[in-house]
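Bear in mind that the values in this text are calculations on the coordinates, not laboratory data. What you see is a predicted model, and the numbers here were worked out from it, not measured in a lab. Positions of Cβ are backbone-derived with ideal geometry, glycine not excepted, and every protein chain shown enters the neighbour counts.
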């Protein structure tokens with residue numbers, strides 16, 4: 001199918017029968033799934049997602065964020081938390097099972113060369129796009145990204161003390177995601193659950209504390225990228241406004257078709273010509289924070 005200029009997502013979304021390669025379970029109903037889906041892997045970008053059929057007898061698909069891809073090996077990795085019957089059925093899948101996969105879907109993050117300092121903020125099931133973006137940015141020109149993650153349930157990985165220094169935060173805030181540490185990327189974790197080595201508070205509070213240590217020149221080179229629940233993203237917009245830095249946010253919404261047909265995931269977005277209703281699935285899920293949360297910039 002050739003792309004329609006009026007509908008740029010046409011011709012870029014692929015339906016394929018994916019094969020489950022592996023699935024790891026983590027506390028509180030969290031799972032990391034790896035699917036052999038070469039067409040999706042070849043075209044996925046940080047912030048895009050897949051629409052997966054959880055079982056052959058469940059017609060409604062579930063939108064799931066992509067955490068990692070290997071374009072040569074042809075796999076995509078997904079982190080999800082079981083909520084409801086569909087994802088419970090998906091959690092019961094075993095290696096070798098076939099799953100109908102539609103993707104990649106959505107407009108992802110835009111990396112701007114004029115903002116080489118990148119702060120990535122992920123909350124809960126908003127963590128996956130930040131891992132994907134961090135991997136894409138680790139060898140990009142400019143400083144390596146700083147990643148901050150927050151969760152009020154155990155993280156879906158085994159935390160450990162970081163070997164990568166991050167000035168601007170208390171020395172006791174040292175817990176990290178091992179994969180990012182291996183990539184040489186500074187990552188810090190936040191929670192109000194008292195987990196060892198984590199910042200005690202919201203991840204947005206940790207981000208604000210770190211940004212406050214940057215001078216005007218550094219802030220002029222900084223941009224925030226974030227994904228998580230709406231209250232967290234609203235707080236991200238407030239932090240971005242406070243420090244005068246741009247922010248891109250990836251929204252989480254309930255979806256039915258996920259390809260722009262049903263308009264069930266529309267949100268109000270402020271544009272140059274006034275407010276408009278945009279579909280999170282194909283017009284997003286990534287938007288400029290000030291267009292979605294204008295009240296934070298008032």
| request: Could you check how many residues of segment 249-298 are outside any loop (DSSP other than H, G, I, E, B), crowded, with 22+ Cβ neighbours inside 10 Å and touching a helix residue (DSSP H, G or I) at 6+ places or on another chain (Cβ under 7 Å)? | output: 3
| remark: Sole miss for residue 240 among (1) surrounded by fewer than 15 Cβ atoms within 10 Å (Cβ to Cβ); (2) within 21 Å of residue 137 (Cα to Cα); (3) in contact (Cβ under 8 Å) with a residue 40 or more places away in the chain is condition (1)
| remark: Residue hits (segment 160-185; touching a helix residue (DSSP H, G or I) at 6+ places or on another chain (Cβ under 8 Å) and either touching a residue at least 40 places away in the same chain (Cβ under 8 Å) or surrounded by fewer than 20 Cβ atoms within 10 Å (Cβ to Cβ) (or both)) are 160, 163, 164, 166, 168, 169, 177, 179, 180, 183, 185
| task | State yes or no: is residue 241 farther than 19 Å from residue 108 by Cα, in contact with a strand residue (DSSP E or B) (Cβ under 7 Å, 6 or more places away or on another chain) and in a helix (DSSP H, G or I)? | result | no
